[in-house]
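All remarks here apply to the structure that follows.
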Amino acid sequence: MQQFSFHSPVKAFFGFNAIDNLKTLLAPYKTVCVVCGATSAEKTGFRKYMDEYFKDKDIHWFNRIEENPSINTILKGGKFARECKAEIVIGFGGGSPLDASKAIAAFATNNKGFYELLTEEKLEHAPLPVICIPSTCGTGSEMNNYSIVTDTEKLDKLNFAKENTFPKYAVIDPVFLRSLNRKTIYATAFDALTHCIEGFVSVRSNPFSDSHAVTGMEIILATFAAGADTSKDETLLNFLYGSTLGGIVILHTATTVLHALGYYLTNEKKIHHGTANAILLPYYLEMMRESGVQKCQVVDALLEKYGFDISRWQDALGYDVSIRDVLTEDELENMVDYALTKKNSEWSPFEPKREFLLEVLRRY
């Protein structure tokens, strides 16, 4: 076994009623900034919970996080947290609010321009502590330091990640998934599945990440195989655990060209990130098979073991289509050109040459 390293510093509380730990975690703090979307805190009951159990806290709600948060939103959030003198940040919601909370915590203590801080290797001032509470089962953002931010002018996604932008705690309670519709649960579960698959085959993978990746794949695929009934708590619990494992995996391995291609579909076609990955997954598997990626045999064996019919679940998402039904030829070429500029592509288990990617993507 070759030498490798791993680092997973987030203290996580997982399972139904895990939210009860928040009472202890917030005890040392008086002023709290909650980062979330416009409606998720109300729909899930989280705002009611905070109002009921934390009357002694000075809580400020920055509920302006859009899907794929922009640079401008991050800067506004940092200013908001700074002006309300927040002592801690809670990120609540899907991947967008969780990612945003980590960046906002950094800008709250470092009043600089986005690109100025992005290019600094280390932050001058430590970010505010962050507690991440996911309400979807996709990104696993609660377990890593990644913060994906969108430059709306350049239509580009950037990863604002520093050594000290990890959440301090993660409170992972499936109760908050109960208010989601089925399509959102499936889309985010596909995101988690691709995290596990890409992390497993990534050139940066190691025995630690592989063990989590295989377990994550098994749990997610078994849950789909069982029918993925989103009215059942067991389905929510399993998908959320798979997502958490995927978040640990990509912390060590990053993602690959699949995610880079998916970013284009989200940026240009406004397709949900998880759904974009679901559309692209069959093509990515084909790329690995043709390239002779040895680890793909393990992935294929798991897909066969659980009788995973990708088209069935794509259909449930409303996107059982050819990529050429989504993109014109020019857009297809633009997508590949864009993907090859992203760092993710470097970690692919095969050399992602432009003509090879296009040839596979044009097949069906």
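The values are calculated or read from the model by the stated rules, or taken from the named source; none is laboratory data. This one's a predicted model, so the numbers in the text were calculated from it and none came from an experiment. Ideal geometry is used to build each Cβ from the backbone, glycine not excepted, and the neighbour counts take in all protein chains shown. The protein model used for the area step is the full one, side chains on, heavy atoms only, and it has no ligands, DNA or RNA in it. Shrake-Rupley method; radii C 1.70, N 1.55, O 1.52, S 1.80 Å.
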Listed peptides 347-355, 195-203 by packing density, highest first (mean Cβ within 10 Å): 195-203, 347-355
Cβ-defined net charge surrounding C196, 15 Å radius [Lys, Arg +1; Asp, Glu -1]: -2
Listed residues L302, F350, Y338: farthest to the positive end of the dipole of region 296-364 (Cβ charges): L302
Accessible solvent surface per residue of the chain, calculated while the other protein chains remain in place, 1.4 angstrom probe, Å²: 41
D20/K269 FRET efficiency (R0 56 Å; Cβ-Cβ; nearest 0.05): 0.85
Distance in nm between pseudo-label sites at V203 and Q3 (7 Å out along the Cβ direction from Cα): 2.0
Pairwise FRET efficiency - E83 versus E304, Cβ, R0 = 51 Å, nearest 0.05: 0.40
Only Lys, Arg (+1) and Asp, Glu (-1) charged, at Cβ; region 48-167 dipole about Cα centre in debye: 160
At R0 = 22 Å, FRET efficiency that the Cβ-Cβ distance of D337 and Y115 yields, to 0.05: 0.45
Share, in percent, of DSSP beta bridges within the chain that are antiparallel, nearest 5: 15
Stretchable slack from R362 to S179, in nm (0.36 nm times residue separation minus alpha-carbon distance): 62.1 nm
Between region 338-357 and region 166-203, the Cα center-to-center distance that results, in Å: 24
Gyration tensor verdict on region 123-276 (Cα atoms; rounded if a/c is under 1.5, prolate if a/b is larger than b/c, oblate otherwise): rounded
Gaussian network model of the chain, Cα within-10 Å springs - most flexible of S147, S291, S243: S291
Difference of contour (0.36 nm per residue) and Cα-Cα distance, Q297 to E42: 87.4 nm
Around K57: net Lys/Arg minus Asp/Glu count, Cβ-Cβ under 15 Å: +1
³J(HN,Hα) computed for each position of region 84-89 - Karplus, 6.51 cos²θ - 1.76 cosθ + 1.60, integer Hz, glycine/proline x: 8, 6, 5, 9, 7, 10
Global form of region 241-364, assessed from the alpha-carbon gyration tensor, a/c cut-off 1.5: rounded
